[in-house]
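Have a look at the structure below before the remarks.
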Amino acid sequence: MIKAAYPGSFDPITFGHIDIARRASHLFDELHVVVMENKQKKYAFTVEERMEMVRECLKDVPNIRVESFSGLLAEYTLKNEINVVIRGLRAVTDFEYEMQMALANKEILNGVETVFLMTDKSFSFLSSSLVKEVASFGGKISQWVPSYVESKVFEKFAR
Ligand code: PNS
């Protein structure tokens, strides 16, 4: 059985993330979508809120498990006997950071491979930060996130 992990902040999950998770779920027997919690980072949503949105958006995919983790990704993969990490690549600007992470993970835990999936071209510019920024000014985000996430984002920014 080949298990993969798709880690990220998912703050919030977007159609870009959903596309990558669904495609990765077809490539592996089990996919863990891992909502990472880093105490140094500021998130708009709590880890529970982020997990709930991820769960809701991917609930129809039987081989996806939604988990959260605070710590090194390599530690998560070791604990869960996962040998593949999935990351989405949008543009060449993602490459340097992603290469650094992939090499660091390999250095920390020899045996863990990172597999990159190219984003769908319609989401190549899309990020959680963009969604939050547009929403914070009351702009339309329904083309970037499912309606469930859209309502959670507006609820958060209305406060
Ligand atoms: O969605 P993001 O914010 O681009 O995801 C980045 C994330 C959370 C996958 C990355 O920061 C991460 O793996 N953090 C866990 C800490 C870790 O393992 N760091 C070493 C690799 S650089």
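Of the residues Glu98, Glu67, Glu56, Glu107, which is open to solvent by 60 Å² or more (accessible area, probe 1.4 Å) and either within 15 Å of the ligand (Cβ to nearest atom) or not in a helix (DSSP H, G or I) (or both)?
Answer to the check: Glu107.
Hey, can you tell me all the residues within region 87-118 that are closer than 21 Å to Ile18 by Cα, β-branched (Val, Ile, Thr) and touching a Lys or Arg at 6+ places or on another chain (Cβ under 9 Å)?
Correct list: Thr114, Val115.
Run Pro62 past the list (1) in a loop (DSSP other than H, G, I, E, B); (2) over 20 Å from Asp120 (Cβ atoms); (3) away from the ligand (no atom under 11 Å from the Cβ); (4) touching a Ser or Thr at 6+ places or on another chain (Cβ under 6 Å) and report the number of the one that doesn't hold.
Status for Pro62: all satisfied but (4).
Scan Arg50, Arg23 and give me the residue that is away from the ligand (no atom under 15 Å from the Cβ), in contact (Cβ under 8 Å) with a residue 24 or more places away in the chain and either assigned to a helix (DSSP H, G or I) or under 10 Å from the mean Cα position of the chain (by Cα) (or both).
From the options Arg50, Arg23, the qualifying one is Arg23.
So in region 78-104, with the set limited to residues that are of a type outside the set (Gly, Ala, Ser) and in contact with a strand residue (DSSP E or B) (Cβ under 6 Å, 6 or more places away or on another chain), which one is farthest from Leu27 (Cα to Cα)?
Checked region 78-104; the qualifying residue farthest from Leu27 (Cα to Cα) is Glu98.
Of the residues Phe137, Phe116, Phe157, Phe123, which is farther than 30 Å from Leu78 by Cβ and either in contact (Cβ under 8 Å) with a residue 40 or more places away in the chain or in contact with a strand residue (DSSP E or B) (Cβ under 9 Å, 6 or more places away or on another chain) (or both)?
None of the other options fit; the residue is Phe123.
Here is a check on your reading of the model: is Asp11 assigned to a helix (DSSP H, G or I) and either within 28 Å of Pro146 (Cα to Cα) or among the polar types (S, T, N, Q) (or both)?
no
The values are calculated or read from the model by the stated rules, or taken from the named source; none is laboratory data. No experiment lies behind these values; they were computed from the predicted model shown. Note that we place each Cβ from the backbone using ideal geometry, even for glycine, and neighbour counts take in every protein chain shown. Quick note on the areas: whole protein, heavy atoms, side chains included, nothing else; ligands and nucleic acids left out. Shrake-Rupley method; radii C 1.70, N 1.55, O 1.52, S 1.80 Å.
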